[in-house]
Amino acid sequence: MPVEMKNLIAATFTDMVRQKGIDKVTVKALIDACHISRQTFYYHFQDIMDVVEWSTQRAMRDTLSRSLEKDTPQDALDVLISSILENKVLLRKLLDSQRRGEMEHLFMMTARSFFEEMLKARGPAVSLSYADLEIALDFFAFGITGTILRNLAQERTDTRKLAEQICRILPNYIVKE
């Protein structure tokens with residue numbers, strides 16, 4: 001039941017953010033919409049940002065799982081980009097808030113985790129030191145986050161083409177076939 005309750009709270013939160021933006025969603029409004037007690041909310045989450053972080057991590061795990069099923073890095077990256085852009089209305093609402101800095105940091109850390117997990121799962125022969133790999137992961141995470149955030153403003157994005165372009169510029173140890 002705890003995971004089901006977390007899912008209910010997160011789904012209700014997401015619907016509320018899509019309708020009115022994160023700045024207008026309070027714990028009180030959320031618990032009223034979920035028909036739960038304040039105690040139930042705080043049993044599952046510390047605050048509104050905890051709901052955002054939990055939802056983002058859950059979405060990243062799902063996207064990573066679908067990406068790992070793909071045969072090529074380009075197809076895997078296309079899954080990531082498509083998943084993000086499918087939620088562009090929600091992401092715009094999150095970014096158009098007073099918490100924009102927190103949201104950008106969360107998106108960057110999620111992208112970094114995605115690349116890190118892809119590297120672990122695909123097992124490429126990385127010839128970088130640990131410190132260099134850490135810098136490379138940060139660099140690619142900031143790059144992909146910035147590129148995707150820029151594309152959120154566009155009405156339509158060819159995700160396949162964008163994934164292809166990104167794969168062409170990433171080094172072989174990141175997109176090893």
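The values are calculated or read from the model by the stated rules, or taken from the named source; none is laboratory data. Please read these numbers as outputs of a predicted model, since none were measured by experiment. Heads up, the Cβs are rebuilt from the backbone with ideal geometry, glycines too, and the neighbour counts pull from every protein chain shown. Areas reflect the complete protein model, heavy atoms only, side chains present, ligands, DNA and RNA absent. Shrake-Rupley method; radii C 1.70, N 1.55, O 1.52, S 1.80 Å.
Considering only protein heavy atoms, what is the solvent-accessible area of Ile169 at a probe of 1.4 Å, reported in Å² to the nearest 10?
About 140 Å², ignoring ligands and nucleic acids.
Please go through the residue pairs Lys6/Lys28; Lys6/Lys70; Lys70/Lys93; Lys70/Lys161; Lys88/Lys120; Lys28/Lys88 and name each one whose alpha carbons sit more than 23 Å apart in this structure.
On the way: Lys6/Lys28 16 Å; Lys6/Lys70 29 Å; Lys70/Lys93 30 Å; Lys70/Lys161 16 Å; Lys88/Lys120 28 Å; Lys28/Lys88 26 Å.
Long pairs (Cα-Cα over 23 Å): Lys6/Lys70; Lys70/Lys93; Lys88/Lys120; Lys28/Lys88.
Which value, in Å², gives the accessible area per residue of segment 40-177 when a 1.4 Å probe is used on the protein heavy atoms? The partial results should precede the final answer.
Working: 7850 Å² over 138 residues.
That works out to 57 Å² for each residue.
With a 1.4 Å probe and all protein chains kept in place, how do Ser55, Ser129 rank by accessible area, largest first?
Correct descending sequence by accessible area is Ser129, Ser55.
Can you give me the solvent accessible area of Arg58 with a 1.4 Å probe, rounded to the nearest 10 Å²?
Roughly 90 Å² of Arg58 is accessible to a 1.4 Å probe.
Where the accessible area of the chain is counted over protein heavy atoms with a 1.4 Å probe, how much of it, in %, is carbon and sulfur?
51 percent
Would you look at the GNM of the chain, springs on alpha carbons closer than 10 Å, and say which of Ile166, Ile148, Ile36 moves the most?
Among Ile166, Ile148, Ile36, the largest mean-square fluctuation in the Gaussian network model of the chain belongs to Ile36.
Can you tell me the orientation of helix 159-169 relative to the chain, as the angle in degrees between its alpha-carbon axis and the longest Cα principal axis, to the nearest 10?
Tilt relative to the chain: about 50 degrees.
Taking all protein chains together and a probe of 1.4 Å, list Lys120, Lys20 from the most accessible to the least accessible.
Sorted by accessible area, descending: Lys120, Lys20.
With +1 on each Lys and Arg Cβ and -1 on each Asp and Glu Cβ, and nothing else charged, work out how big the dipole of the chain is about its Cα centre, in Debye to the nearest 20.
420 debye
Measure nothing fancy, just the Cα-based angle from helix 48-68's long axis to the longest principal axis of the chain, in degrees from 0 to 90, nearest 10.
40 degrees
If Arg99, Arg168 are ordered by their accessible area, calculated over protein heavy atoms with a 1.4 Å probe, which sequence runs from highest to lowest? Spell out each step's value before the answer.
Details: Arg99 75, Arg168 155 Å².
The residues order as Arg168, Arg99, largest area first.
May I ask for the net charge around Phe139, where only other residues with Cβ less than 11 Å from the Cβ of Phe139 are counted and Lys, Arg are +1 while Asp, Glu are -1?
Neighbour charge sum, excluding Phe139 itself: -2.
In square nanometres, what is one fourth of the surface area of the convex hull spanned by the alpha carbons of segment 63-111?
Average projection, Cα convex hull of segment 63-111: 3.4 nm².
Taking Rh as the Kirkwood radius computed over C-alpha pairs, what is the Stokes-Einstein D of the chain at 25 °C in a medium of viscosity 0.890 mPa s, expressed in µm² per second?
141 µm²/s
In whole angstrom, and with the biggest value first, how far do the Cα coordinates of segment 1-85 range along each principal axis?
46, 28, 17
For the chain, what is the calculated [θ] at 222 nm in deg cm²/dmol (nearest 500), taking -39500 (n - 2.57) for each run of four or more DSSP H residues and dividing by its residue count? Don't skip to the end; give the middle numbers.
On the way: 10 runs with 138 residues, N = 177.
For the chain, the value works out to -25000 deg cm²/dmol.
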